[in-house]
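For reference, the structure is listed below as structure tokens.
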Amino acid sequence: MAARRRIAVAGLSVAVAGVAVLGFAAPAQAHDVVVASTPAQGETLTALPEAFSLTMNETLVVSEGTEANFGIRITDAAGLFYGDGCLSFVDATMSTGAYLGAPGTYTVVWQFVSSDGHIVSSSGSGYSPISFTWQPAADAVATVGSATAPVCGVTEVGTATPSPDPTMSTQETPAETPSPSATAATEPSDADASTSSTLLWIGGAGLAVVAAVVVTLLLVRPKKLVDTERDDTERDDTEA
């Protein structure tokens, strides 16, 4: 049954003494070897894999006291570290979370304990660090690199916040909503409309009365003038 364990890695202890042990112990072909890796040497990644991993030809045996001799570390061209420092083990594969920053060249260094008890690393004979290129999509979110090596359970992986593009602003200026007081000042109330209608009706009736009086005066006045002239004529005839 596949054994799976997640451990904290204190560091990649690839010391000169350790390399010397490799040289004077059993023949090189007796050590376990790396048969596959993600990413592969010289590969160009355009999307992050599920994890960065190495697979050996034998099942990995991780025991108490040897945990610090397993490790995978990723750095960019500036020497910044990426990841949380934690490892997972499944049969012959060890892996760590996949985190990267800005596009560019990255390097993976690694080491593990062979089934014969010896340390095998990317700086050992016949191996070299894995170099690969990171070319993500323009909208990919970058991870913030660290100047110090990550420690599992201590290091927190942070992401960079993309800067907003000022030329792509979609914010619209909200339309101004008239205040209730402004609306009340500009729109007449029902009472005002009723008062205006009443005044117009009274004004119209007054004009009609005035017109009737004028017409009456015009009709009556000529008759009085005719009667007066007739009386004057009759008086003159009598006196004569």
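How many residues does the stretch 81-98 hold that are part of a strand (DSSP E or B) and under 25 Å from the mean Cα position of the chain (by Cα)?
Of the residues in the stretch 81-98, 2 are part of a strand (DSSP E or B) and under 25 Å from the mean Cα position of the chain (by Cα).
What number of residues within the stretch 55-80 satisfy the criterion of being in a loop (DSSP other than H, G, I, E, B) and under 23 Å from ASP32 (Cα atoms)?
11
Among the residues of the stretch 110-133, how many are β-branched (Val, Ile, Thr) and in a loop (DSSP other than H, G, I, E, B)? Give the derivation first.
At the first step, the residues of the stretch 110-133 found to be β-branched (Val, Ile, Thr) are 113, 119-120, 130, 133.
Right, trim to in a loop (DSSP other than H, G, I, E, B) and you get none.
Counting residues in the stretch 110-133 that are β-branched (Val, Ile, Thr) and in a loop (DSSP other than H, G, I, E, B) gives 0.
For the stretch 20-44, give me each residue that is surrounded by 14 or more Cβ atoms within 10 Å (Cβ to Cβ), modelled with pLDDT under 95, touching a strand residue (DSSP E or B) at 6+ places or on another chain (Cβ under 8 Å) and not in a loop (DSSP other than H, G, I, E, B).
Scanning the stretch 20-44 gives a single hit, LEU22.
So PRO136 passes all but one of these: (1) more than 21 Å from VAL34 (Cα to Cα); (2) modelled with pLDDT of 90 or more; (3) outside any loop (DSSP other than H, G, I, E, B). Which condition number does it fail?
Condition not satisfied by PRO136: (3).
Can you pull out the residues in the stretch 130-157 that are within 19 Å of MET56 (Cα to Cα) and buried (at least 16 other Cβ atoms within 10 Å of the Cβ)?
ILE130
Consider ALA47 carefully, then state whether it is touching a residue at least 60 places away in the same chain (Cβ under 8 Å) and surrounded by fewer than 21 Cβ atoms within 10 Å (Cβ to Cβ).
Numbers: touching a residue at least 60 places away in the same chain (Cβ under 8 Å): yes; surrounded by fewer than 21 Cβ atoms within 10 Å (Cβ to Cβ): yes.
Taking the combined requirement at face value, the residue satisfies it.
The values are calculated or read from the model by the stated rules, or taken from the named source; none is laboratory data. Quick caveat: nothing in here was measured; it's all calculated off a predicted structure. Every residue, glycine as well, gets a Cβ built from its backbone with ideal geometry; the counts of neighbours run over all protein chains shown.
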